[in-house]
1. For the protein assembly as shown, what does the equivalent ellipsoid look like in terms of its semi-axes, each the square root of 5 times an eigenvalue of the Cα gyration tensor, given largest first in whole Å?
2. Note down the magnitude of the dipole of the stretch A:224-327 about its Cα centre, charges +1 on Lys and Arg C-beta and -1 on Asp and Glu C-beta and zero elsewhere, to the nearest 20 debye.
3. Evaluate peptide B:58-66: per residue, the Cβ atoms of other protein chains within 10 Å of its Cβ; return the mean as an integer.
4. Assuming R0 = 41 Å, what is the FRET efficiency of residue B:125 and residue A:108, from their Cβ-Cβ distance, to the nearest 0.05?
5. Quick one: net charge around residue A:288, please, counting Lys, Arg +1 and Asp, Glu -1 for every other residue with C-beta under 12 Å from its C-beta.
6. Treating cross-link reach as a plain straight distance, find the aspartates and glutamates whose alpha-carbon is under 18 Å from the alpha-carbon of residue A:4, omitting any fewer than eight places away in the same chain.
7. How large is the dipole of the protein assembly as shown about the Cα centre if only Lys and Arg carry +1 and Asp and Glu carry -1, each at its Cβ, rounded to the nearest 20 debye?
8. Just to be sure I understand the model, the point goes 7 Å from the Cα along the line to the Cβ. What's the resulting residue B:53 to residue A:178 distance in nm?
Amino acid sequence: MTEKTLIEGIREALDEEMARDASIFITGEDVGPRGGVFRATIGLFAKYGPSRIIDSPLAESSIVAIGIGAAMNGMRPVCEIQFADFIHPAYNQIVNEAARMYYRTGGACPVPMVIRTPYGGGIGGGLYHSQSIEATFAHVPGLKVAVPSNPYDAKGLLKSAIRDDNPVLFLEPKKGYRLIKGEIPEGDYTVPLGAAKVTREGADITVYAYGIMHFYCQQAADEVAKDGVGVELVDLRTLNPLDTNTVLESFKKTGKALIVYEDNRFLGYGAEIAALLADEAFHYMDAPIRRLTGPDVPAVPYSHALQDWFMPNPQKIAEAMRKLAAY
Amino acid sequence: MGTNVVMPQLGESVVEGKISKWLKRVGEPVKLYEPILEVETDKVTTEVTAAGEGTLLNLYFDEGEVVQAGTLIAFIGAPGEAAPSNGGVVEAQAAPAARHEQAAATARAAPAPSPAAQRVSPVVARIAAEYNVEVSHVRGTGEGGRVTKKDILAYVERNSAGSPLPVAEGTKVGELAPWEQPGLGELFRPTEEVFGGPASTAVPAAAPTPTALPGETVTLSSMRKSIAEHMLRSKHTSPHVTTVFEVDLSRVVAHRGANKAVFERDGANLTFTPYFVAATVAALKKHPMVNSSWSEAGVVLHRQVNVGVAVSLGDEGLIVPVIKNADAMNLLGLARAVNDLADRARRKALKPDDVQGGTFTITNHGTSGSLFATPIINQPQCGILGVGMIQKRVVVVTQDGADSIAIKPMVFVGLTFDHRILDGNSADGFMATLKQALESWVV
């Protein structure tokens, strides 16, 4: 097997699924001949044509709304929001319509659609191209939220998302698109939604992460292993529904938890993990539950020095790991 | 042996005190609770008194020195006795005097435990409780000397040697005050020596040795079949109701303590069982409806009082030999009868006649640690008495109108009865008599 990038995993999933199921189509800004700003859909327009790879107007609410309508009528749309920062105009469509349609219609109208969007900072993108939006959307019942951290999961999770009958928000760590490489087996496979994975076993602390932060945590875990700190790393992979069993089992083993996310700290996704552990594994707790997060400032700054200050990185994570292990 | 004088902690946030004045000099005699020095903090000035008497052998600090709370500052002992050469942190300020000697010898040079070292995380607290470990005995390697989960697990492993409930260093059962031991003392071994039960009722009974592997079927012994048949029939025959009384055994315990040796000379091992048999007999005499059997023609009141005593045979099952005409025996006779029947039951030397003719049954489920139970009636009898584990419990005693708290050997005794024959009121009348007989035992 050859090493592939995370974005190649996404493109392969889209390609294979579209070949498999004619009800799947892609719509979004510049997804057609241009292949998307990150080139996730490159080559697909030539292969599947303008009726299945549809360039949309620069209007996110309509991209999602078109997807909802199509999904209610038997199609399986994959909508691309060019940057997660631009998803907010579609908030009403996603939260009020897509997520609740099945419930509102008493189970008559499932909305089998995927909304793909690149998220996260560290790419010099500044305010409008760096946001993490997972906490806002993972909060919404009826909407599944998945975040791959490597090429294998990117392909397998996206396939599961496309085949799922619920609306799935598929968050792609854009900094990892070409930074994170890994093997992708030939042929069809899926990674189930709602299943976290212990990606590294260790006895001293448990670290929970997803997306690019999981990638950084692997590097940090390698680093602190030199000092004898055993890190158990849990890749959450799906934020909603959360695999509480895997989350709790690992914590019961180590008794110490660090949750890493680059979103703002306050009410970030890690707060839910912390609450879960405190609630259901109190008697296994051997240290305060720690979070390493982005700061509570309005945006990821454009200035590279300030961006570095904002972003958790392997050095900051390693330091937090050491401190927690020593507690 | 001597007494440490330790700098007290004078307030929650206060960590040290200044020795403002020594009220005693080295070599002076000191009486219990006599002031030895004055201590000054930024909150209060107070006197420190002696926790023991003797001669003041050493003062470790001069007036005006500021000393951390918990530090050994003076030593009281017998004249000529060697005093510790210098002061140091002793341990928790409120520790009893007897603990100080041991601690002073070992912990003099140890640093004061930091607040972090005294904090216990939930998982450490849980493991400490599970394995009966004193957290302060565990060396902490965490932040500020905190005891981590790893520390306590390593400690448990070092000290357990594979035992599921290891006892921590320095807390051997024998060193605990009697009231901290759950019914373990010599006085509180009711009938296990008779019935061959575990030596300590506080230790859970060992898991039964499997005679077949999982997935296989265990062949039924004739005893197992007979028990099964009888139990099922009894449940189908009598509507069972159980009433439970709590009985103070102080007088019985005292009587047994005073007479055990006497009985031994007469060749009888005096357990608690004869007392319960005797009290049952007295109650049966007063409440003949309990010594009866149901029949369609009417309730048959038995002329004889034949009391069966259930004897556990381990995994094999149980058997109920009967003390015939128990109402004709005094305590010595009952003790001998109980000894004899139990012994022959264990040796499988009972004759058929020994297990027949019972009019009432007693079962000592307390020997395996049970507090109270709802046994099944031995048909065609009217009732069965279940005796729980004897435990020292804190009870409120009212004397001359004043309430006080006392530690007393208590037991739950339950009567399971045939509701066709008795009602709750009549059953409780029987139990009240039984309780009265046990509680008013003439020592």
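Values quoted throughout were computed directly from the atomic coordinates according to the rules given, and no laboratory measurement underlies them. For clarity, every value in this text was computed on a predicted model and none was experimentally measured. Note that we place each Cβ from the backbone using ideal geometry, even for glycine, and neighbour counts take in every protein chain shown.
1. Details: eigenvalues 979, 414, 92 Å².
Over the Cα atoms of the protein assembly as shown, the semi-axes work out to 70, 46, 21 Å.
2. Numbers: 11 positive and 14 negative charges, 66 e Å.
So the magnitude is around 320 debye.
3. On the way: counts 0, 0, 0, 0, 0, 0, 0, 0, 0.
Averaged over the peptide's residues, the number is 0.
4. Numbers: r = 52 Å, r/R0 = 1.27.
It comes out at approximately 0.20.
5. On the way: positive: A:256, A:290, A:291, A:323, B:119, B:146; negative: A:286, B:143.
Net local charge, residue A:288 excluded: +4.
6. Qualifying aspartates and glutamates at Cα under 18 Å: A:12, A:15, A:16, A:153, A:172, A:183, A:186, A:188.
7. Numbers: 72 positive and 86 negative charges, 347 e Å.
It works out to roughly 1660 debye.
8. Modelled inter-label distance: 9.2 nm.
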